[in-house]
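Student: Here it is: the structure, laid out below.
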Amino acid sequence: MRTQNSPARFSVWACALAGSCALLLSSCSGKSLTSVQGKVLYKGEPIKGAVVTLHPKGANEVTAQRPSGVTGEDGTFRLFTGKEEGAAPGEYVVTVVWLKEPAAPAGKPKVISTDPPPDPEDGFKGRYADQANSKLSATIKPGLNQLEPFKLE
């Protein structure tokens, strides 16, 4: 004697299958982000306004997500990947660009002008901006990450 599948039995099976697929898709869609904090020092002093960017080692240059953060007054930063806080676990090359306002010429008073302001300059003059030549690196592990300070000269 053959039994028919009841709608209730089908619903339970469909829900279980949908839940398994959702779990599988979420685990395959990408690595989860983990909290990352660090500090940038220049000649032993904290610097403000440095952009710290992590470049995943061995990743596709076009599609790779690059976590980044900006240092505050005390030189500390938190990393964000897009709008989400954190970075995916992995090995990274680190670049740092220190955006500084160009200095006004000495002896000239500041004048209100309609000219656009000059572009900020890299206080390091590109020394730490090229990932191909960077000697800075970071390893992000699952869980809270407190990176060793980046000590730049």
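What follows is calculated from the coordinates using simple rules that are stated; it is not laboratory data. Being a predicted model, the structure only gives us computed values, none of them experimental. Because the Cβ atoms are built from the backbone with ideal geometry, glycine has one as well, and the counts that use them run over all protein chains shown.
Student: Just give me the residues in region 57-86 being hydroxyl-bearing (Ser, Thr, Tyr) and touching a residue at least 12 places away in the same chain (Cβ under 8 Å), in sequence order.
Tutor: Hits for region 57-86 are Ser68, Thr71, Thr76, Thr81.
Student: Name every residue in region 131-147 that is surrounded by fewer than 10 Cβ atoms within 10 Å (Cβ to Cβ) and free of Cβ contacts under 8 Å to residues at least 24 places away in the same chain, in order of residue number.
Tutor: Ala132, Lys135 - these are the residues of region 131-147 that are surrounded by fewer than 10 Cβ atoms within 10 Å (Cβ to Cβ) and free of Cβ contacts under 8 Å to residues at least 24 places away in the same chain.
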